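See below for the structure under consideration.
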Amino acid sequence: MKKLITLLMLTAMLLGVAGCGGSTEKKAAYPADGDITVIIPKAPGGGTDTSARGLISFLQKELKGSKFVPVNKPDGHTLGMVTVELAMFPHQGKATVTNKDYVSVCAPIAAPAALIVTKEAPYNTLDEFVKYAKENSGKISMGNSGTGAIWHIAALNFEKEFDVKFKHVPYPKGSADIAAALAGKHIEATLADPSVFKSQIDAGALKILAVMADTRSEFYPRVPTFKELGHPMAIRAWAALVAPKGTSKEKMDVLRKAAEKVCNSK
């Protein structure tokens, strides 16, 4: 009996040692120590969504062992994509968070507004569009990214510059919805990021008349800028990958180093 008790005690001790050994397994270093969720506050297919998913796919390749998970609905996890509205909405009373609540990793997109219309539109230049808008005051339906958002601001500035009036139609989920509405002829024009509409423009389904930037777009080198046409207007949107305020310097250094390499690569 004594031998049996002794054997059971030794077995228990060995199992205990084995259990302790398992619990001291070395944890993987950041960022391979768990999923990194990136919140994208826009609908799939838009400029912010596309740039965010492209960025994190390259970050995942750069940071071996990491796993980035993009989601288009906030769920309280670690990283997020914020847009230019973060700098605008607090002043409009629409948001309580500001840029001070986050620390930036990188800004992979800075897109100018461009005047984009349907292929059937009776105007092919900025001047022709303005003339038509004056003759049809308040009738042109102009899609934007939501009341007070960047593309709405672009349209309001257009109205002020050219003394015209539009019928503003908001699509707060982003440029993908504007593109769908324009292609479906639910609206007649928009001032938005032209890269989102590239496939439709290349296919001849839409026309781009001018770009609100100081220099021509690399995607549309033949399209003039508002500045070239005598109207020095430059309005653009940006989006940035951010982490919550208080994220450790060590983790931010890892993310920023990888992001810099990705953003500077060709």
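The values are calculated or read from the model by the stated rules, or taken from the named source; none is laboratory data. Since the structure is predicted, the reported quantities are computational estimates derived from the model, not experimental observations. Every residue, glycine among them, receives a Cβ derived from its backbone with ideal geometry; neighbour counts consider all protein chains shown.
Of the residues 114, 110, which single one is assigned to a strand (DSSP E or B), exposed (fewer than 15 other Cβ atoms within 10 Å of the Cβ) and touching a residue at least 24 places away in the same chain (Cβ under 8 Å)? Spell out the reasoning first.
Details: 114 fails: exposed (fewer than 15 other Cβ atoms within 10 Å of the Cβ).
Of the residues listed, the single one that is assigned to a strand (DSSP E or B), exposed (fewer than 15 other Cβ atoms within 10 Å of the Cβ) and touching a residue at least 24 places away in the same chain (Cβ under 8 Å) is 110.
Tell me, please, whether a residue that is small (Gly, Ala, Ser) and in a helix (DSSP H, G or I) can be found in the stretch 152-164.
Narrowing the stretch 152-164 to residues small (Gly, Ala, Ser): 154-155.
The next check asks that each one be in a helix (DSSP H, G or I); those that pass are 154-155.
So far as the stretch 152-164 goes, yes, one or more of its residues are small (Gly, Ala, Ser) and in a helix (DSSP H, G or I).
Yes/no per residue for (1) among the acidic types (Asp, Glu); (2) assigned by TED's automatic domain parsing to the domain that holds residue 206; (3) touching a residue at least 40 places away in the same chain (Cβ under 8 Å):
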{"site": "80", "(1), (2), (3)": "no, no, yes"}
{"site": "91", "(1), (2), (3)": "no, no, no"}
{"site": "99", "(1), (2), (3)": "no, no, no"}
{"site": "124", "(1), (2), (3)": "no, yes, yes"}
{"site": "167", "(1), (2), (3)": "no, yes, no"}
{"site": "179", "(1), (2), (3)": "no, yes, yes"}
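At pLDDT below 95 and surrounded by fewer than 16 Cβ atoms within 10 Å (Cβ to Cβ), is that true of residue 125? If you could, list the steps in order and put the result at the bottom.
Values: at pLDDT below 95: no; surrounded by fewer than 16 Cβ atoms within 10 Å (Cβ to Cβ): yes.
The answer is no for residue 125.
How about the stretch 101-116: which of its residues are among the β-branched types (Val, Ile, Thr) and closer than 13 Å to residue 193 by Cα?
So the first thing to find is which residues in the stretch 101-116 are among the β-branched types (Val, Ile, Thr), and the list is 103, 105, 109, 116.
Scanning the stretch 101-116 gives 109, 116.
Filter the stretch 215-250 for residues that are within 30 Å of residue 29 (Cα to Cα), buried (at least 16 other Cβ atoms within 10 Å of the Cβ) and out of contact with any helix residue (DSSP H, G or I) (no Cβ under 7 Å at 6 or more places or on another chain) and give the result.
Filtering the stretch 215-250 for residues within 30 Å of residue 29 (Cα to Cα) gives 239-250.
Still in the running and buried (at least 16 other Cβ atoms within 10 Å of the Cβ): 239-243, 247.
240, 242, 247 - these are the residues of the stretch 215-250 that are within 30 Å of residue 29 (Cα to Cα), buried (at least 16 other Cβ atoms within 10 Å of the Cβ) and out of contact with any helix residue (DSSP H, G or I) (no Cβ under 7 Å at 6 or more places or on another chain).
Residue-wise test of (1) at pLDDT below 95; (2) within 19 Å of residue 116 (Cβ to Cβ).
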position: 202; (1), (2): yes, yes
position: 206; (1), (2): no, yes
position: 218; (1), (2): yes, yes
position: 225; (1), (2): no, yes
position: 234; (1), (2): no, yes
position: 237; (1), (2): yes, yes
position: 244; (1), (2): yes, no
position: 247; (1), (2): yes, no
position: 255; (1), (2): yes, no
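For residue 174, state whether it is of a type in the set (Gly, Ala, Ser) and without any contact (Cβ under 8 Å) to a residue 12 or more places away in the chain.
Values: of a type in the set (Gly, Ala, Ser): yes; without any contact (Cβ under 8 Å) to a residue 12 or more places away in the chain: no.
Taking the combined requirement at face value, the residue does not satisfy it.
Any residue at all in the stretch 88-103 that's under 23 Å from residue 211 (Cα atoms), surrounded by 15 or more Cβ atoms within 10 Å (Cβ to Cβ) and modelled with pLDDT of 85 or more? Break it down into steps so the answer makes sense when it comes.
At the first step, the residues of the stretch 88-103 found to be under 23 Å from residue 211 (Cα atoms) are 88.
If we keep only those that are surrounded by 15 or more Cβ atoms within 10 Å (Cβ to Cβ) as well, we get 88.
If we keep only those that are modelled with pLDDT of 85 or more as well, we get 88.
Checked the stretch 88-103: at least one residue is under 23 Å from residue 211 (Cα atoms), surrounded by 15 or more Cβ atoms within 10 Å (Cβ to Cβ) and modelled with pLDDT of 85 or more.
Please go through the stretch 172-207 and give me each residue that is within 21 Å of the chain's Cα centre (by Cα) and in a loop (DSSP other than H, G, I, E, B), ordered by number.
172, 173, 174, 193
Residue 133 passes all but one of (1) part of a helix (DSSP H, G or I); (2) among the aliphatic types (A, V, I, L, M); (3) modelled with pLDDT under 90; which number fails?
Only one criterion is unmet by residue 133, namely (3).
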